[in-house]
Amino acid sequence: MNILKNIESIRNDFPILSTKVNGNQLVYFDNAATSQTPNCVIDSISDYYKTLNSNIHRGVHKLSQLATEKYENSRKKFKEHLNANCTSEIIFTSGTTHSINLVSNGFIEFLNEGDEIIVSQLEHHSNIVPWQMLCEKTGAVMKVIPMNEQGELKVSEFLKLLNNKTKIVFINHVSNALGTINPIETVIEKSHAIGAAVLIDGAQAAPHFEIDVKKLNVDFYVFSAHKLCGPTGVGILYGKKEWLEKLPPYQGGGEMIDEVSFEKTTYAELPNKFEAGTPNIAGVIASGIGLDYINSIGLKNIKEYEDYLLDYATSKLKEIEGVKVYGESKNKTSVISFNIGEIHPYDIGSLIDNLGIAVRTGQHCAQPIMDYFNIPGTIRISFCFYNTIEEIDFLVKALKKAIKMLS
Amino acid sequence: MKIKDIQNQIVEEFDIFDSWMDKYEYLIELGKSVPIISPSNKKDDNIIKGCQSKVWLHADSDNGFVKFYADSDAVITKGIISLLIRAFSNQKPKDIIEAKMDFIDKIGLRQHLSPNRANGLNNMIKKIKFYAIAFSKTD
């Protein structure tokens, strides 16, 4: 395994991993929330402000030209990474949430009262609420694909929900709370068969495996750079050109216009139509560097190593008496959501936090999933390729200590 | 004992412990002595918002002194609320309203609460003060 051989040098690329918490080495297991940032990305942001800072797309001067080049080069990197048809299919936003809102807001124009849109029970709130707002504005109705005990979507139920009133289906590729990889290929194919569009929230998928939007034939695919070793504040919206051309602009402002007069304004071509105002230039450039870093390790290697961590941690956790893992699909990424007996997840999280272990506790912005299992929340650990077997062993020790204190 | 003195007493007690784990162990122990809220008052209206765990808080007035009762589904939260109740229960509304709340900072508890958890703590304190204000008007 390539990563295992190079784990020390990989970890050295992330300065934050040497942080001490209460005298203990930080163990960062909250990668589903955000991944840590390698030196090359941090340096890129610093270099930008030291050597390039200027506004893009409009200055005739050297700095502006260089910054524009780097910014657009980042777009090229994401276009190639996703195997999109052209760079104008890549829109930079502020994050996954922004990307979803941009699309859901545009769909106001395409929906009528009584139309149906389909979500899944496995969603993050950010892929529920914008669409609920859309329903309120248009009178469309939201239908929900249920899940089973393993935390998998019931595909047969999904097929029953599809009909000629269905206009768009939006589900995540990977559940942030349970780690389930959803059968998006089937969802896309079946939705298209009845003429519905599909948006996939790939926030938890893009960091873990390769995405080919052409092969998927997906209409919209969205994710955030900060989960891919990039900085916060940058999101990627892939959209098929024909959809992005149809979709109305989300925000008005500079850069997204063609000609402006008080009588009428015409909008710019893609992708500028959706990038009003000065974008997060340093962030977008650094996101491209983060993507390069991920690709230098290789998503195939990442998937293989993270699966190894997932299997090891799952079996170690299950050896602890009272541990119940939520989301036991065979098809999952490196997320483990669990509880221990009747102990509140918050109590466990607070205690192991003092030992330097960063996990997420609570509902993970996915209240419908917690309601399904009838629990107040879970402890969630999520891995990145810089995590180690030793860290998992330390977590197990810490959990045992916490259980002893709490019982 | 005055609220201020109780707070100083709590700070002294926590000073004895060297490690954070010991402090937490003590906090968990203290949680066991919370005056438990009656089942009829353990209702949604009495839930404190902003906490990751559920916290119920209720108060009544006894001869001009406010008495607090609470419960939580998380034991550490119960420990925290037990400290608040120890400081504020059996006190006069006026004293509760005017009390300065600094022992949480002095024992270093707030540094160990993430902002959203600290938000829950702030809401607990706010609710305690609200009860005191309500009773100051009826007494």
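The values are calculated or read from the model by the stated rules, or taken from the named source; none is laboratory data. For clarity, every value in this text was computed on a predicted model and none was experimentally measured. We place every Cβ from the backbone using ideal geometry, glycine too, and count neighbours over all the protein chains shown.
Computed quantities for the displayed model
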item	result
Lone unmet requirement of (1) more than 24 Å from B:Glu25 (Cα to Cα); (2) at pLDDT below 85 for B:Ile97	(2)
Residue tally, condition in a loop (DSSP other than H, G, I, E, B) and basic (Lys, Arg), over segment B:82-114	2
Residue in segment A:331-350 that is touching a Phe, Trp or Tyr at 6+ places or on another chain (Cβ under 6 Å), touching a residue at least 40 places away in the same chain (Cβ under 8 Å) and more than 16 Å from A:Ala32 (Cα to Cα) present	no
Residue in segment B:88-102 that is under 25 Å from A:Lys401 (Cα atoms) and crowded, with 20+ Cβ neighbours inside 10 Å present	no
Tally of residues being part of a helix (DSSP H, G or I), within 13 Å of another protein chain (Cβ to nearest Cβ) and not hydrophobic (A, V, I, L, M, F, W, C) across segment B:17-53	7
Matching residues in segment A:377-398 - criterion: being within 14 Å of chain B (Cβ to nearest Cβ) and crowded, with 23+ Cβ neighbours inside 10 Å	A:Gly377, A:Thr378, A:Ile379, A:Arg380
Residue in segment B:70-81 that is hydrophobic (A, V, I, L, M, F, W, C), within 14 Å of chain A (Cβ to nearest Cβ), out of contact with any Gly (no Cβ under 9 Å at 6 or more places or on another chain) and in a helix (DSSP H, G or I) present	no
Residue within segment B:38-59 that is at pLDDT 90 or above, closer than 30 Å to A:Asn24 by Cα and among the hydrophobic types (A, V, I, L, M, F, W, C) present	no
Out of A:Lys246, A:Lys303, A:Lys273, A:Lys240, sole residue that is closer than 30 Å to A:Thr333 by Cα and either of a type in the set (A, V, I, L, M) or not assigned by TED's automatic domain parsing to the domain that holds A:Asn6 (or both)	A:Lys240
Elements of type helices (runs of 4 or more DSSP H) in segment A:152-270, at least 2 residues being more than 30 Å from A:Arg380 (Cβ to Cβ) and acidic (Asp, Glu)	A:241-246
Residue in segment A:152-168 that is under 26 Å from A:Asp30 (Cα atoms), in contact (Cβ under 8 Å) with a residue 24 or more places away in the chain and in contact with a helix residue (DSSP H, G or I) (Cβ under 7 Å, 6 or more places away or on another chain) present	no
Set A:Gly254, A:Gly288, A:Gly277: member being touching a residue at least 12 places away in the same chain (Cβ under 8 Å), out of contact with any strand residue (DSSP E or B) (no Cβ under 6 Å at 6 or more places or on another chain) and crowded, with 16+ Cβ neighbours inside 10 Å	A:Gly288
Within segment A:344-376, tally of residues that are in a strand (DSSP E or B) and at the interface with another protein chain (Cβ under 8 Å from one of its Cβ atoms)	2
Conditions (1) at pLDDT 95 or above; (2) assigned to a helix (DSSP H, G or I): number failed by A:Val325	(2)
